[in-house]
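The values are calculated or read from the model by the stated rules, or taken from the named source; none is laboratory data. Quick caveat: nothing in here was measured; it's all calculated off a predicted structure. Quick reminder, even Gly has a Cβ in these numbers, built from the backbone with ideal geometry, and neighbours come from all protein chains shown.
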Amino acid sequence: MTCRPSLPTSAYPGLPLGSASIYTAGPGVHIHDGQIVASLLGTPTILSPAEHPKTSNSKPIITIPRLLPSPVYGTTSSAHVSNTNVLPAVGSLVLARVLRVRQRQVDLGILCVSLAPTNPVPAVHDSHTDNDDDYYYDNSRFHVCSDAYPATIRREDIRATEKDKIVCSEMFRPGDVVKGEVISLGDSANYYVHTGRNELGVVMARSERTGGTMAPVSWKEFEEIRDEGEGLGRRIREGRKVAKPF
């Protein structure tokens, strides 16, 4: 019986992880001089052949999940994602970062995708309903995307009422994290997302003027959070399309 060496808890590119006679090279590693060698920085994982159906080999597979590589995620590089991507679909709940705010649309990068709503309702959001229970999402079932998918919120999809009065720059700011629903797969360049319901909109924001963390204080405003003793003057408030708390 062949003894399998244990894998290190972390790996860097060029680190030998095991013999190619014992393991198969999966995503994130390669073979060099008969050894499985790390190609990425991360935590190596052993998968059984059944967990990786694309291989016909019977040997266990060594893989290293990718670190978040996109500048859309900022400087954070500690989160791991699986090698199996979950694509957004019509009805999917998504978390996305605002990249650019234009006059008639908002450009996003989709960071996380949830499964379709447990109780799906047609994505016709022009008419408002007071019963938020018509839509139910399991917010715990998010999948982190290995790459940020481009998406767009059109001005008429930001909210359900008074669409002609919407000013995109008063609803979203670059860097905001937005919870939305995919309403169309769009074209090859973008998914289309809407925030027309109460539970959809900005969930995380920083002050455009100071860079400080902000908290929602109403359905249309965020307020800067200050430490004790700092709130002597008027606190900064900024307009947003605020998501109703989970």
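Brief remarks follow.
- The residue that is modelled with the lowest pLDDT, counting only those in segment 80-131 that are in contact with a Phe, Trp or Tyr (Cβ under 6 Å, 6 or more places away or on another chain) and of a type in the set (A, V, I, L, M, F, W, C), is Val121.
- Total residues in segment 176-214, condition outside any strand (DSSP E or B) and either buried (at least 17 other Cβ atoms within 10 Å of the Cβ) or touching a strand residue (DSSP E or B) at 6+ places or on another chain (Cβ under 7 Å) (or both): 16
- Residues of segment 160-187 satisfying the condition of being without any contact (Cβ under 8 Å) to a residue 40 or more places away in the chain and within 18 Å of Val113 (Cβ to Cβ): Gly186
- Consider segment 90-105 and keep the residues that are closer than 12 Å to Gly180 by Cα and out of contact with any helix residue (DSSP H, G or I) (no Cβ under 6 Å at 6 or more places or on another chain). The one that is surrounded by the most Cβ atoms within 10 Å (Cβ to Cβ) is Ala96.
- Test set (1) within 25 Å of Gly91 (Cβ to Cβ); (2) surrounded by 19 or more Cβ atoms within 10 Å (Cβ to Cβ); (3) modelled with pLDDT of 90 or more - Phe222 fails condition number: (1)
- Once segment 5-45 is narrowed to residues that are assigned to a strand (DSSP E or B) and surrounded by fewer than 17 Cβ atoms within 10 Å (Cβ to Cβ), the residue that is nearest to the chain's Cα centre (by Cα) is His30.
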